[in-house]
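*Asks:* Quick one: the structure is below, and I'll ask about it shortly.
The values are calculated or read from the model by the stated rules, or taken from the named source; none is laboratory data. For clarity, every value in this text was computed on a predicted model and none was experimentally measured. Heads up, the Cβs are rebuilt from the backbone with ideal geometry, glycines too, and the neighbour counts pull from every protein chain shown.
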Amino acid sequence: MCRLLRLYEDHLAVRYAPRTVEHYLGQLRPFLTWIEERGFRLTEVKPRDLLTYQTELFAFRRADGRPYSAAYQANRLVVLKHLFRFLYRAGAILYDPAADLELPRLEKRLPRVVLTVAEAKRVIEAPDTKTPHGLRDRAILETLYATGIRVSELGNLTLYDVDTEERVLRIVLGKGRKDRNVPLTRAATAAIESYLAKARPKLQAGRKTRFLFLQDRGGKLDRGTAARIVSRRAAEAGIKKHVTPHTFRHTVATHLLKGRADIRHIQALLGHASLATTQRYTRVEVSDLRQVVERAHPRGR
């Protein structure tokens with residue numbers, strides 16, 4: 001079993017980012033423990049075994065007694081289907097026992113937190129741009145709001161990925177190992193230029209590094225630091241909502257749609273592989289719906 005798992009891990013490492021590989025392997029470990037406890041090997045798994053595991057998975061409970069969500073269950077099963085499909089195609093098993101495994105139907109939820117235009121402006125303008133950290137944070141916030149890039153993509157940006165003359169940002173090996181170019185707003189371009197000229201050399205502290213956004217003493221900007229920056233600046237702006245880097249991704253999509261942007265353009269900007277992922281943003285805002293009711297309903301005036 002160890003040999004097959006190493007092959008599968010190598011397969012994941014070639015196709016996906018390290019964080020995704022960790023996620024897949026983490027979702028797989030409980031199943032491996034489950035079959036070991038029952039005394040059979042990975043190559044001996046049959047459809048009825050997977051059905052039993054799925055049934056037990058539905059019965060799992062949290063420490064407080066509440067059931068796990070359908071998304072939690074689906075994540076475990078998706079990884080199993082992926083694993084056995086790989087083993088079948090690699091010739092390690094004669095047939096795919098997970099081929100007919102049905103996934104739970106997931107509710108398509110809308111993003112819970114989206115900033116208004118005024119709120120986004122307040123957060124972006126919260127940093128004190130007279131300090132190196134303020135200039136860096138302003139550039140980060142402007143970049144997030146301009147492009148809607150993922151926090152992992154933000155941290156991986158290098159000096160060679162930004163073109164302030166053409167106002168273009170290049171995302172190298174984004175989600176799905178795909179590259180894409182996204183435009184920068186004038187405000188984001190100006191903030192990045194100010195950061196590069198006045199703040200980055202001080203944060204770099206003499207260290208040689210190619211990454212665009214830095215922590216103190218020249219370290220690469222990680223997910224945790226980016227999240228703390230966004231949260232702190234939102235609090236300084238007096239925003240009561242739970243604001244994360246991903247909030248800006250939701251916000252960009254929503255604001256562009258309200259501005260009549262084509263959904264396929266938004267798909268390209270955000271780097272969604274499927275249009276269905278982008279379409280969840282095509283919600284009707286309550287404020288828009290209220291205006292329609294007040295204008296068109298017989299008793300709305």
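*Asks:* Check off (1) under 15 Å from F248 (Cα atoms); (2) within 21 Å of the chain's Cα centre (by Cα); (3) β-branched (V, I, T) for T158 and give me the number that stays unchecked.
*Replies:* Of everything listed in (1) under 15 Å from F248 (Cα atoms); (2) within 21 Å of the chain's Cα centre (by Cα); (3) β-branched (V, I, T), T158 misses just condition (1).
*Asks:* Further question: Restricting to the stretch 216-261, count the residues that are surrounded by fewer than 21 Cβ atoms within 10 Å (Cβ to Cβ), of a type in the set (G, A, S) and touching a Lys or Arg at 6+ places or on another chain (Cβ under 8 Å).
*Replies:* 3
*Asks:* Here is a list of conditions, (1) among the hydrophobic types (A, V, I, L, M, F, W, C); (2) outside any loop (DSSP other than H, G, I, E, B); (3) under 30 Å from I229 (Cα atoms), and F84 meets all of them except one; can you say which number that is?
*Replies:* (3) is the only condition that F84 fails.
*Asks:* Got a sec? Which of T147, T185, T116 is crowded, with 21+ Cβ neighbours inside 10 Å, of a type in the set (V, I, T) and closer than 24 Å to K258 by Cα?
*Replies:* Numbers: T185 fails: crowded, with 21+ Cβ neighbours inside 10 Å; T116 fails: crowded, with 21+ Cβ neighbours inside 10 Å.
Unique residue meeting the criteria: T147.
*Asks:* Please specify each residue of the stretch 120-142 satisfying the condition of being part of a helix (DSSP H, G or I) and closer than 18 Å to L212 by Cα. First the steps, then the outcome.
*Replies:* Step one: of the stretch 120-142, the residues part of a helix (DSSP H, G or I) are 120-124, 132-142.
Once the filter is applied, which keeps residues that are part of a helix (DSSP H, G or I) and closer than 18 Å to L212 by Cα, the stretch 120-142 yields P132, H133, G134, L135, R136, D137, R138, A139, I140, L141, E142.
*Asks:* List pairs: first residue in the stretch 104-115 and at pLDDT 65 or above, second residue assigned to a loop (DSSP other than H, G, I, E, B) anywhere in the structure, Cβ distance under 6 angstrom, at least six positions apart or on different chains.
*Replies:* V113/K241; V113/H242
*Asks:* Here is a follow-up. Give the residue that is farthest from Y88 (Cα to Cα), with candidates limited to residues of the stretch 6-22 that are surrounded by fewer than 16 Cβ atoms within 10 Å (Cβ to Cβ) and in contact (Cβ under 8 Å) with a residue 12 or more places away in the chain. Reasoning before the result, please.
*Replies:* Initially, the stretch 6-22 is screened for residues surrounded by fewer than 16 Cβ atoms within 10 Å (Cβ to Cβ), giving 6-7, 9-10, 13-15, 18-19, 22.
Filter once more, so that each one left must be in contact (Cβ under 8 Å) with a residue 12 or more places away in the chain: 7, 9, 15, 19.
Working: L7: 12, E9: 15, R15: 18, R19: 25 Å.
Step by step, filter the stretch 6-22, then rank; the result is R19.
*Asks:* Could you list, in sequence order, the residues of the stretch 203-215 that are surrounded by fewer than 15 Cβ atoms within 10 Å (Cβ to Cβ) and in contact (Cβ under 8 Å) with a residue 24 or more places away in the chain?
*Replies:* The answer is R210, and nothing else.
*Asks:* Next up: Which numbered condition in (1) at pLDDT 70 or above; (2) at negative phi is the only one that S287 fails?
*Replies:* S287 satisfies every listed condition except (1).
*Asks:* What pairs come up if the first residue lies in the stretch 258-277 and is part of a helix (DSSP H, G or I), the second is small (G, A, S), and their beta carbons are under 8 Å apart, counting only those six or more places apart or on different chains?
*Replies:* If the second residue must be small (G, A, S), the pairs left are I266/A253; L269/G148; L270/G148; L270/A253.
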